[in-house]
1. Return an integer: the convex hull volume of the alpha-carbon atoms of the chain, in Å³ per residue.
2. Using alpha-carbon pairs under 8 Å, 6+ residues apart, how would you state the relative contact order of the chain in percent?
3. Give the shape of region 85-190 as rounded, prolate or oblate, defined through the alpha-carbon gyration tensor: a ≥ b ≥ c are the square roots of its eigenvalues, a/c under 1.5 means rounded, and otherwise the shape is prolate if a/b is larger than b/c and oblate if not.
4. From Cα pairs below 8 angstrom and at least 6 apart in sequence, can you work out the relative contact order of region 84-151, rounded to a whole percent?
5. What full-extension length gain, to one decimal in nm, is calculated for T156 and L173 as 0.36 nm per residue of separation minus the Cα-Cα distance?
6. Which loop-located trypsin sites (Lys or Arg not before Pro) does region 115-209 contain, where loop means any DSSP state but H, G, I, E or B and the Cβ has at most 13 other Cβ atoms within 10 Å?
7. In terms of the Cα gyration tensor, with a ≥ b ≥ c the square roots of its eigenvalues, is region 37-101 rounded because a/c is under 1.5, prolate because a/b exceeds b/c, or oblate?
8. Among T130, L33, G82, whose Cα sits farthest toward the positive end of the charge dipole of the chain (+1 at Cβ of Lys/Arg, -1 at Cβ of Asp/Glu, about the Cα centre)?
Amino acid sequence: MTATGTDRAEVHSDTPGDAPRDGDLHADAVRALTGWQPAEPAQERLRLDYLRHLAEQPEGMYRACLPAHITASAAVVDPAAGRVLLTLHPKVGRWLQMGGHCEPGDRDLAAAALREATEESGIPDLALLTRDGVPVPVKLDRHQVRCAGKDRPENTHLDVQYIAVAPPGARALISEESLDLRWFDYDRLPELTDRSVRDLVARARELTG
């Protein structure tokens, strides 16, 4: 695939490796965002905003960094069946892609997205879309949340979004982080789904179709 093209994507299965040295996750996020060139002006503005955040915040990858921090997510899709797996988030009350906070043990940003997708989907054999063998983001989304609970001030997630391909006929297993977990046809997404999720699913459909 290309970062902005529509050709059929390659996939990449990540495997556990050595824990990163201090700063490696931050440096990888800078590399990933520097090398990704979106076609849409709004996405380009977000990309530059994310890079400014990382330049100003050495700890900007983690939940403790306020008022904003980088997160990683992935749309889990089964292209053979034309469907996407969504989770009903307990705090948001809406159907979302898999994702969450980066952790110190994550080797790189793509590994964080794949870990979250695997944990929340219960599917062990997911593979990220790649460009030239390297997992690449497909979309950015900035949104406000309350990571520490409803009684705490809002902070901002700077989400970096990937696409994870599931094996044909994959069976999902709900985790304790979800109220519900279901496969949806691309053309029949649930009503309680944000525009950002719909755009991500459309992108996944374009790249894996």
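1. On the way: hull volume 23.6 nm³, N = 209.
Taking only Cα atoms, the chain has a hull volume of 113 Å³ per residue.
2. Value for the chain: 29 percent.
3. Cα axes put region 85-190 in the oblate bin.
4. Working: 43 pairs, mean separation 13.2, N = 68.
The normalised contact order for region 84-151 reaches 19 percent.
5. Numbers: separation 17, 0.36 × 17 = 6.12 nm, distance 2.89 nm.
That pair, T156 and L173, stretches by 3.2 nm at full extension.
6. Passing sites in region 115-209 are R146, K150, R171, R188.
7. Verdict is oblate for region 37-101.
8. G82
Where a number appears in this text, it was derived from the coordinates with a stated rule and is not lab data. Keep in mind that this is a model prediction, so the values were computed, not measured. So basically every Cβ, Gly included, is an ideal-geometry build from the backbone, and we count neighbours across all protein chains shown.
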